[in-house]
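Just below is one structure, and these are the notes that go with it.
Each value in this text was obtained by applying a stated rule to the coordinates, not by laboratory testing. Given the structure is predicted, the values throughout are model-derived calculations rather than measurements. Here the Cβ positions follow ideal geometry from the backbone for every residue, glycine too, while neighbour counts run over all protein chains shown.
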Amino acid sequence: MSTTDSHADHVSSDELDRSLTRGFFFAIALTAVTLVAEVAGGFWTNSLALLSDAAHVFMDLFALVLSLAAIRLARFPATDRRTYGWHRAEILASLINAGTLLLIAFGILGEAWKRLLHPEAVKSQEMFIIASIGLVMNLVAAARLHRHSHDDLNVRSAFLHVLGDALASVGVIIGGVVMLFTGWYVLDAVISMAIVLIIGFGALRLLREAGHILLEGVPPQLDLNRVLARMLAVEGVNDIHHLHVWSICSHITALSAHIDVHPEHRYRQGEIVGALEAMLVHDFHITHTTLQADCANCITGPVIQQLRHRPRHNHDHGHSH
């Protein structure tokens with residue numbers, strides 16, 4: 001690749017990064033406004049369903065902030081004190097978020113159970129209006145994120161979060177309409193319980209994923225046997241030992257392994273390692289690799305040569321003892 005091409009790729013990457021950041025800031029602003037409106041509206045209308053949806057919006061807002069933080073943290077260089085930079089901060093934040101959401105979910109679930117037994121009146125018309133505003137804002141934020149949802153895994157995850165909240169808002173809107181015409185206020189508690197189940201499932205999944213990363217498990221999207229097969233298929237590779245694959249954070253995967261090279265390819269070790277690294281990036285998006293190449297079968301004789309007494313040949317035929 002020429003210097004001009006490299007510079008062009010760097011510029012396009014920076015432009016994409018700026019565009020992603022703008023999209024996230026826009027989505028975060030809209031989601032924050034939706035959160036404030038639904039919390040205030042929930043207390044004003046006495047709607048537990050609106051407050052439950054606000055908790056779901058909080059989960060989405062946190063996911064958006066986390067995704068933006070991941071993009072920003074990637075800019076900080078590694079140091080001699082933090083060789084991985086600040087990428088693991090994302091996982092710590094995920095654990096805190098998941099724990100907070102579970103506490104919120106249990107609180108809403110307890111209140112929903114009380115209202116299920118003793119329904120309370122809800123300002124259904126106002127609830128419908130506030131939920132509709134929230135739906136519109138969610139759809140606008142989702143549309144802004146959708147344009148980059150295929151460029152970055154973080155954006156795709158955030159897009160799906162916002163889309164999920166839009167669907168929850170639809171449920172609240174339907175509940176508001178039904179209560180407006182029927183006065184069946186127990187539906188407010190039922191909708192709240194349904195949203196709490198969604199929140200609880202999301203929080204538990206977040207805990208499981210963060211714990212898996214902290215335990216340095218193989219990323220769930222990777223099939224280790226397939227990775228091994230593709231590595232063994234590279235010309236010159238005889239065997240693979242001490243293979244480890246783990247995640248530094250949600251979007252950075254690392255791999256380390258010992259590569260046993262065929263004897264006839266022992267002088268191509270650097271080239272083989274380069275081919276493996278290129279394949280791992282292209283096929284599996286594994287960007288951090290540590291590969292040690294050696295040749296176990298290159299020693300054809302014994303490691304320690306035996307000392308043997310051999311007779312000396314006397315070329316001086318004229319001399320006699």
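Ranking of Tyr84, Tyr185 by neighbouring Cβ atoms within 10 Å, starting from the fewest: Tyr84, Tyr185.
In angstrom, the C-alpha Rg and Dmax of the range 158-289 are 24.4, 82. Once C-alpha pairs closer than 8 Å and six or more residues apart are averaged by separation and normalised to the residue number of the range 224-294, the relative contact order reads 34 percent.
Cβ-to-Cβ counts within 10 Å put Lys123, Lys114 in ascending order as Lys114, Lys123, the fewest first. Annotation: peptides 50-57, 243-250, 291-298, ranked by per-residue average of other Cβ atoms within 10 Å with the highest first, follow the order 50-57, 243-250, 291-298.
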